[in-house]
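Working notes, structure below.
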Amino acid sequence: SFPTSELVKFSDLHPKPSNVTFSYGTAGFRTKASLLDSVLFRVGVLAALRSKRLDGKTIGVMVTASHNPEADNGVKLVDPRGEMLENSWETLATNLSNAETTGDFIQVVKNIINHQKIDISKTANVIIARDTRPSGPGLVAALEDGLRAMGAVARNEGVKTTPILHYLAGKKAPPLVVDCANGVGFFAAKAMGEYVNSVLPLIPHNIAINALGALNNACGADYVKTSQRLPPSLVSVLHPGQRACSFDGDADRLIYFYLDDRSQFHMLDGDKIAALVANFIAELAKGAGLDGKFEIGVVQTAYANGSSTKYLSERLPVQCVKTGVKNLHHAAEGYSIGVYFEANGHGTVLFSPSALSILETHQPSTPAQSTYLSNLIALSDLINQTVGDALSDMLLVEVILAHKGYSGLEWDSIYSDLPNRLVKVVVKDRNIFETEDAERRLTSPPGLQQRLDDIIRKYDGGRAFVRPSGTEDVVRVYAEATLRPQADGKSQTFDLEIM
Ligand code: NG1
Ligand code: ZN
């Protein structure tokens with residue numbers, strides 16, 4: 001059931017010149033550039049077949065004739081770990097390139113599929129690059145026709161050295177453990193995995209969506225953020241250095257974490273995500289030559305770790321608003337690019353219509369600027385701007401880490417979190433608690449804020465506040481301080497005061 005019609009149509013656009021015999025030698029096909037159009041098309045088809053044969057692993061294709069004269073060109077395939085194409089496939093490449101007619105070509109393709117037992121329904125992933133030869137763009141276009149005819153996912157890296165192409169083909173993101181909170185996020189992670197696994201292998205855990213009582217139980221973003229520890233179900237899964245993330249029960253919150261080489265747990269919450277993302281966007285905007293063209297701002301709530309607020313406000317405008325995504329979203333709309341995240345991992349980035357039109361019309365003045373610009377545009381496409389989305393945010397984080405070559409440790413060291421505690425206190429009537437200053441101070445019950453201030457003053461680097469929850473019948477007490485025992489002590493003291 002192999003759909004040949006696309007292949008026939010495209011193959012007819014790239015006929016083999018008669019009276020030429022091609023051969024896939026030690027460095028692939030190499031000859032006068034003017035003879036190579038059909039070869040490039042067919043190599044595109046072969047690269048897709050090779051990737052499908054290897055379960056969608058990424059195949060590299062380099063268009064170059066190396067040290068030979070400029071009028072020559074050539075093409076070679078690079079296997080998934082960055083090494084040369086396997087020997088037996090060199091013969092297949094030669095056979096394919098010498099099929100005289102489209103009919104002969106289709107027959108050779110079918111033979112390869114049968115003999116190699118290729119599951120044609122698998123996704124193919126191919127990464128391509130070329131050297132600076134003037135014949136390069138035309139030959140890459142023929143190659144892309146071959147990939148298109150096979151429905152392959154192609155990534156054109158433009159002009160690159162041969163070793164860089166080998167490196168890019170062989171490099172792989174380390175697998176990411178995804179705690180799905182035993183909820184619906186598992187469906188989304190599974191569906192997304194089909195597209196991203198070849199570059200970012202996802203390993204879903206806590207996927208018991210039908211087990212009664214399992215949802216968010218000792219797992220998920222809220223468990224990790226609140227208890228500041230690893231879900232017990234992941235203790236035997238994570239190894240030192242490995243990065244993981246947790247969704248919440250409806251997959252709109254995202255919290256990252258990793259174990260250091262002493263197996264110590266480190267959490268990367270919404271504030272760390274905001275810092276990573278805001279920095280990166282500012283860096284891209286600057287690199288694209290858009291410095292000062294628009295305002296990039298960050299929106300947080302009172303729950304943002306004091307260190308994150310300090311770090312961000314030294315670099316960008318930062319605003320604190322009342323708890324609740326609608327408040328953050330609204331404030332973020334006030335910037336050209338507004339980054340908003342609650343500490344609990346709910347957030348996204350908004351690009352204003354005018355920012356988007358600046359991105360569309362901006363004329364970069366150097367190739368480097370143009371790369372920064374296209375990366376920034378690609379980010380605006382990647383981000384789910386309607387609402388915080390754990391899966392889109394996860395891809396955003398992974399893209400930035402890959403781009404910067406950061407591990408969890410390097411991301412974590414942007415700033416150090418102040419030790420903090422968040423506790424719930426059950427009170428007779430939470431409605432008597434009223435706040436001001438983006439919920440950072442109490443106006444009622446009378447006198448309580450004054451007593452809190454007196455306590456806070458005793459603690460080094462102390463900050464604390466009390467507010468009624470909008471979602472549960474409790475009052476929340478948040479406290480942070482320079483040292484862990486102080487943060488704990490302070491929240492306990494408050495807890496007693498309120499009751
Ligand atoms: P309340 O219950 O008002 O604190 C909680 C979260 C909010 C937000 C809402 C909606 C904390 C401290 N509070 O609000 O950030 O996510 O739920 O889900 O995380
Ligand atoms: Zn949620």
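For this structure, a couple of remarks:
Condition check ((1) of a type in the set (A, V, I, L, M, F, W, C); (2) assigned to a helix (DSSP H, G or I); (3) assigned by TED's automatic domain parsing to the domain that holds residue 85; (4) touching a residue at least 24 places away in the same chain (Cβ under 8 Å)) across all residues:
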residue: 111; (1), (2), (3), (4): no, yes, yes, no
residue: 122; (1), (2), (3), (4): no, no, yes, yes
residue: 129; (1), (2), (3), (4): yes, no, yes, yes
residue: 133; (1), (2), (3), (4): no, no, yes, yes
residue: 165; (1), (2), (3), (4): yes, yes, yes, yes
residue: 187; (1), (2), (3), (4): yes, yes, no, no
residue: 218; (1), (2), (3), (4): yes, no, no, no
residue: 224; (1), (2), (3), (4): yes, yes, no, yes
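Each row is one residue, and each column tells you yes or no for (1) in the same structural domain as residue 255 (by TED's automatic domain parsing); (2) away from ligand 2 (no atom under 16 Å from the Cβ); (3) of a type in the set (Lys, Arg); (4) more than 21 Å from residue 247 (Cβ to Cβ).
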| site | (1), (2), (3), (4) |
| --- | --- |
| 295 | no, yes, no, yes |
| 301 | no, no, no, no |
| 310 | no, yes, yes, yes |
| 315 | no, yes, yes, yes |
| 324 | no, no, no, no |
| 341 | no, no, no, no |
| 350 | no, yes, no, yes |
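- Extreme residue, nearest to ligand 2 (Cβ to nearest atom), among residues of the stretch 225-257 that are more than 24 Å from residue 173 (Cα to Cα) and of a type in the set (Lys, Arg): 225
- Identity of the residue in the stretch 221-254, within 16 Å of ligand 1 (Cβ to nearest atom) and touching a Leu at 6+ places or on another chain (Cβ under 7 Å), that ends up modelled with the lowest pLDDT: 226
- Pairs, first not assigned by TED's automatic domain parsing to the domain that holds residue 277 in the stretch 357-378, second surrounded by 17 or more Cβ atoms within 10 Å (Cβ to Cβ) and among the β-branched types (Val, Ile, Thr), C-beta under 6 Å, six or more apart: none
- Condition check for residue 430: within 16 Å of ligand 1 (Cβ to nearest atom) and either out of contact with any Gly (no Cβ under 8 Å at 6 or more places or on another chain) or not acidic (Asp, Glu) (or both): yes
- Flag for residue 260 being surrounded by fewer than 24 Cβ atoms within 10 Å (Cβ to Cβ), within 16 Å of ligand 2 (Cβ to nearest atom) and touching a residue at least 12 places away in the same chain (Cβ under 8 Å): no
- Any hit, the stretch 273-284, residues being touching a Lys or Arg at 6+ places or on another chain (Cβ under 9 Å), under 22 Å from residue 421 (Cβ atoms) and within 16 Å of ligand 1 (Cβ to nearest atom): no
- Condition check for residue 480: within 16 Å of ligand 1 (Cβ to nearest atom), buried (at least 20 other Cβ atoms within 10 Å of the Cβ) and either closer than 30 Å to residue 315 by Cβ or charged (D, E, K, R) (or both): yes
- When residue 5 is tested against (1) in contact (Cβ under 8 Å) with a residue 24 or more places away in the chain; (2) under 23 Å from residue 118 (Cα atoms), just one condition goes unmet, and that condition is (1).
The values are calculated or read from the model by the stated rules, or taken from the named source; none is laboratory data. Nothing here was measured: the structure is a model prediction, and the numbers come from that model. FYI the Cβ positions are ideal-geometry reconstructions off the backbone, even for glycines, and counts take in every protein chain you see.
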